[in-house]
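This report refers to the structure that appears directly beneath it.
The values are calculated or read from the model by the stated rules, or taken from the named source; none is laboratory data. Computed from a prediction, not measured in an experiment: that's the story for all the values here. Don't worry about glycine lacking a Cβ; one is built from the backbone with ideal geometry, like all the others, and counts go over all protein chains shown.
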């Protein structure tokens, strides 16, 4: 009998798509790196420390959990990505034990305790971030201004979002968020001033409009805030990679952003003493961690629905909750809580989905589903 | 001629290995020194052996007689001496008897150009019994004997000659259509005579040359060009793409491969039993991929050698197709009437096989051409809830392998489905183990 050596046997199929779960997860981490690099450039090398602490915590937590499960899972990248996302949500000068503990909690309790990758029902990174927010609200809000903007390291300053929120309705009722920032003494970079001036001269003036100062800083990331939320441009560039390479489904971020934008436009002006349909969509979408959460955490396949209809329900739910929490909740950062709440609803969405959208399956399944 | 059409739901696009340059017409493979002729190359029970060890057999002589319904005659593909009659493993699983014939003597029958039989005067029954005598089976797995497949079918709505090859490295059907167009068309004419279909369609995923012999018959036979998206060649997807109205029940159509039509031509017109077939030999580990006309019973190793041997160490040997076929490890595995391809994959083509936990990405339900949710079905099976899985469509799964191909976690979806379906086919509907709550997603 002639046998070819070392042939693997088994059932069809015998060829596979090149993409593996590990390559998806490591790929997502790689897409975050430009944002991280920009953050470190803005805040200085010391800003890398919370991220390093967070990743170490996550890897340590995963190592322990994988030891308990007797299955080595460090290389699937999921712990690394969780650590990276937690670290990038932290203020630059935070005490290092906070990101470390948040990551250990995320990886070992939120993910590991439920059976590891694929079995958790809440996004571990977001759960870790929310955990840190609830336990150390002071430290988690001690934002520092970027080097390049403040000229001085360690000068503390509110995020534009928090700043606008705390000053709104007090003395500047009826004005735009950016106007509040300016009047409240928030500083803009020279870059913002010159680009805004140029844009106004070239595009907006002929149209009879004017772009206030501050938006360009929001867009490119010349502002205080966490490493991850710093540059909307880099996050959006990353989102293009994620969607075009089909690493995430576009339905989730699209429904989150559009729901949130429409609600902000319709009702976002009210807390500022303005009327309906006068909210500042651009400011709301660009500010805070809205974009990084919408594109990098909410579409996490493990904790989001897998059918298109389910994704839309999930995304609309997140967008609406994020709006409510940001404008009427206790913290300016509503989006993280919104996603965690909708994570809890995913099994229910999946169940409804089987009933409502898979008629074929439903017909033969009787009434139990 | 219509532009390329396809089916609606799901499916996968596989780029690698779908197309390769074919050099010249299909060559006859060398005759094997010893042919291992399995007595089960068809759907039903194995044929009854009618030769003894040491007996001289002529080429085309019956060595196995059909034994009951769905069984088919088996003929010796080469002249020689029966060296052994032994039990051999079937590539698709299970065992059957095999007759080992050592090449000897001369080709007294099939080597010569025979008289062309004028079949037009034959009756329907005569044609069918002749097909039965000559051991003609459908060349697509599981190899239904044509006598059984067509016996009780008259005036079918649609007859499809399915030359669509949407799995990588398959090329035998297209090559046959290209090289033996006139013969395939004549086989088709015989089939039309038997079935009197209302509509006859040739479906292919490569355009045929304008000089193709069948082109003149436009009017009675339609040509439809379909995308090579997988699984375009499976019955439901094929009919969906051909039949815009989508109202025809699958049972009103008969789908056959060009190689089946060619076997019908040879059996009726040339009075030749089914002892040869076209085989694609390909894959990343094969030096010179080719389509060969090989005798039934030729060891696959001989064909691989004829294609220049292995380019590098093969990681996997596959018969019939990379998505629906079987893996084998024995280079002496013989070609049967349904072995359309021999594929040797290298390790690069296989890629990572390590299983990781399901991340619920939903790609499996996205690509499922039957609109099922493979992830959900797999979980139900894992929890012993086969009955619920059946209710949710497991019985509609065609085991096409799309979900298994796309799964980034390499969850063994397809093996689970095929074994569950096999069990379900054997046993009455199971009583589910008590459900662990209603919360199984």
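Here is a yes/no grid of residues against (1) within 30 Å of residue B:366 (Cβ to Cβ); (2) in a helix (DSSP H, G or I):
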position: A:200; (1), (2): no, yes
position: A:246; (1), (2): yes, no
position: A:271; (1), (2): no, yes
position: A:294; (1), (2): yes, yes
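Is at least one residue of region B:56-63 under 26 Å from residue B:232 (Cα atoms) and assigned to a strand (DSSP E or B)? No, because not a single residue in region B:56-63 is under 26 Å from residue B:232 (Cα atoms) and assigned to a strand (DSSP E or B).
Checking the structure you have, find out if any residue of region B:333-349 is closer than 26 Å to residue B:169 by Cα, surrounded by fewer than 24 Cβ atoms within 10 Å (Cβ to Cβ), modelled with pLDDT under 90 and within 8 Å of chain A (Cβ to nearest Cβ). Yes. If you check residue B:284 against the conditions, is it in contact (Cβ under 8 Å) with a residue 40 or more places away in the chain, part of a loop (DSSP other than H, G, I, E, B) and under 16 Å from the mean Cα position of the chain (by Cα)? Here the answer is no, as residue B:284 does not meet what is asked.
Counting only residues that are more than 18 Å from the chain's Cα centre (by Cα) and away from chain B (no Cβ under 12 Å), region A:75-111 holds 12 of them. Identification of helices (runs of 4 or more DSSP H) wholly contained in region B:301-383 with 1 or more residues that are touching a strand residue (DSSP E or B) at 6+ places or on another chain (Cβ under 7 Å) and more than 19 Å from residue B:291 (Cα to Cα) yields B:347-350, B:363-367. Only one entry in B:160, B:194 is farther than 16 Å from residue B:274 by Cβ, modelled with pLDDT of 90 or more and part of a helix (DSSP H, G or I), namely B:194. One residue alone among A:340, A:281 is away from every other protein chain (no Cβ under 14 Å) and modelled with pLDDT of 90 or more, and that residue is A:340.
Filtering region B:371-382 for residues that are within 10 Å of another protein chain (Cβ to nearest Cβ) and at positive phi leaves a non-empty set. Note on region B:412-429: among residues that are closer than 10 Å to residue B:386 by Cβ and exposed (fewer than 15 other Cβ atoms within 10 Å of the Cβ), the one that is modelled with the lowest pLDDT is B:429. Taking the criterion of being at pLDDT below 90, away from chain B (no Cβ under 14 Å) and crowded, with 21+ Cβ neighbours inside 10 Å, the residues of region A:112-148 that qualify are A:140, A:143, A:144, A:145, A:146.
Applying the criterion of being in contact with a strand residue (DSSP E or B) (Cβ under 6 Å, 6 or more places away or on another chain) and closer than 24 Å to residue B:191 by Cβ to the residues of region B:263-293, the residue that is surrounded by the fewest Cβ atoms within 10 Å (Cβ to Cβ) is B:293.
Taking into account only those residues within region B:400-424 that are more than 8 Å from chain A (Cβ to nearest Cβ) and assigned to a loop (DSSP other than H, G, I, E, B), which is nearest to residue B:359 (Cα to Cα)? By that ranking, first place goes to B:411.
Right, residue B:120: modelled with pLDDT under 90, assigned to a helix (DSSP H, G or I) and touching a helix residue (DSSP H, G or I) at 6+ places or on another chain (Cβ under 9 Å) or not? Taking the combined requirement at face value, the residue satisfies it.
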